[in-house]
Amino acid sequence: MDTKNTNCPCPNEACDNHGNCLPCGEKHEAAGNLSFCKRGEEIVDSTPKKNPKCACPNLKCKRHGDCAACGKNHGGKRMYCTAKDGSFRKKLVDFIFRKNKKKMDAEKVAEKKIYFHEDSYCMIEIISAENYAFCEERARQSEAFSEQNRTESGFGWTDIFLLKEAPKPLKDFKIAVIALEKVLQSIMKKSDTVYTDALLIKDSEDGDGTVRCKNTAAFVKDNLQVFYEYDDEIVKNIWLDLYVDTSEDKNFAATLLQAISQIGDLILVDNYKNQVVALSKEQAIHEYLQLLQK
């Protein structure tokens, strides 16, 4: 019988106790600290906490989310999280607590579903620094075009500036999806379910005018979102939604951009603000984020 918790959130997969809730809980309890599932991604005090990712639908159980206590109660085996999918035990528990199960499944889907407006696609993008000169010139042309075609009221334009694609596509630099995810997963939450507009599609996937994007994922934290498209595990495009309203937003955005810079010589191109930012330069990042916060 498989007694591993396949939903173990701890990133230390090399640990002998990974997925073994009872010995893991006992080990951390003896050491006077908390297991990863109880403390999450942030360091906290020693106050006992619950595992927010507990998959068991018996929400009224006093041991719900307390992996060590649950493991002791079940003798280290036959816990809900260690039962195989499709097993009689799991099906029985799901049936008994089916209302809770449906609610938890719906919450899980809602938590992982993320949306971007089609007009924001690649408007704040991350591309190779080899495109720096091209993007600088394109930004100057866009700025001049904007001034020439601004309406008398100053609240619109009489023509549209068409963005020419950068000559060096990001996909040519063979950035592995795993490399991008490695620098983001420690500071943001991943979503594999990304939706965008489908206003011209009568029967959209959820009936709400949106459609799921293929080969697209995102990392999210508060007002900041990183989207990326991939093909054969190679990143094709990276774009961001940035809302820098507070100093906390600004500080995290700086951390995020510096993290992304670790995967190569990259630049951020903001086609809304006509800004080109070398991610290798902290001062350039600081000045750009200052502009967004104004």
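Looking only at the stretch 229-275, count every residue that is touching a residue at least 60 places away in the same chain (Cβ under 8 Å) and either farther than 24 Å from VAL177 by Cα or among the hydroxyl-bearing types (Ser, Thr, Tyr) (or both) and tell me the total.
Qualifying residue count, the stretch 229-275: 5.
Just to be sure I understand the filter: pairs with C-beta atoms under 9 Å, separated by 6 or more residues or on different chains, first member in the stretch 13-31 and more than 17 Å from ASP66 (Cβ to Cβ), second member of a type in the set (D, E, K, R) and surrounded by fewer than 19 Cβ atoms within 10 Å (Cβ to Cβ). Which pairs pass?
HIS18/LYS4
Search the stretch 24-61 for residues being closer than 26 Å to ASP94 by Cβ and exposed (fewer than 13 other Cβ atoms within 10 Å of the Cβ), and hand back the single one that is modelled with the lowest pLDDT.
Step by step, filter the stretch 24-61, then rank; the result is PRO52.
Is it true that some residue in the stretch 246-266 is acidic (Asp, Glu) and at pLDDT 95 or above?
Yes, the conditions are met somewhere in the stretch 246-266.
Of the conditions (1) crowded, with 16+ Cβ neighbours inside 10 Å; (2) part of a helix (DSSP H, G or I); (3) modelled with pLDDT under 90; (4) β-branched (Val, Ile, Thr), VAL109 satisfies every one except a single condition; which number is it?
Result: VAL109 passes all but (1).
Suppose the filter is of a type in the set (D, E, K, R), outside any helix (DSSP H, G or I), assigned by TED's automatic domain parsing to the domain that holds PHE219 and surrounded by 13 or more Cβ atoms within 10 Å (Cβ to Cβ); does GLU125 pass it?
Taking the combined requirement at face value, the residue satisfies it.
Sort through LYS273, LYS236, LYS281 and tell me the only one that's surrounded by fewer than 19 Cβ atoms within 10 Å (Cβ to Cβ), modelled with pLDDT of 95 or more, charged (D, E, K, R) and closer than 24 Å to TYR115 by Cα.
LYS236
The values are calculated or read from the model by the stated rules, or taken from the named source; none is laboratory data. Just so you know, these numbers come straight off a predicted model, no measurement behind them. Every residue, glycine as well, gets a Cβ built from its backbone with ideal geometry; the counts of neighbours run over all protein chains shown.
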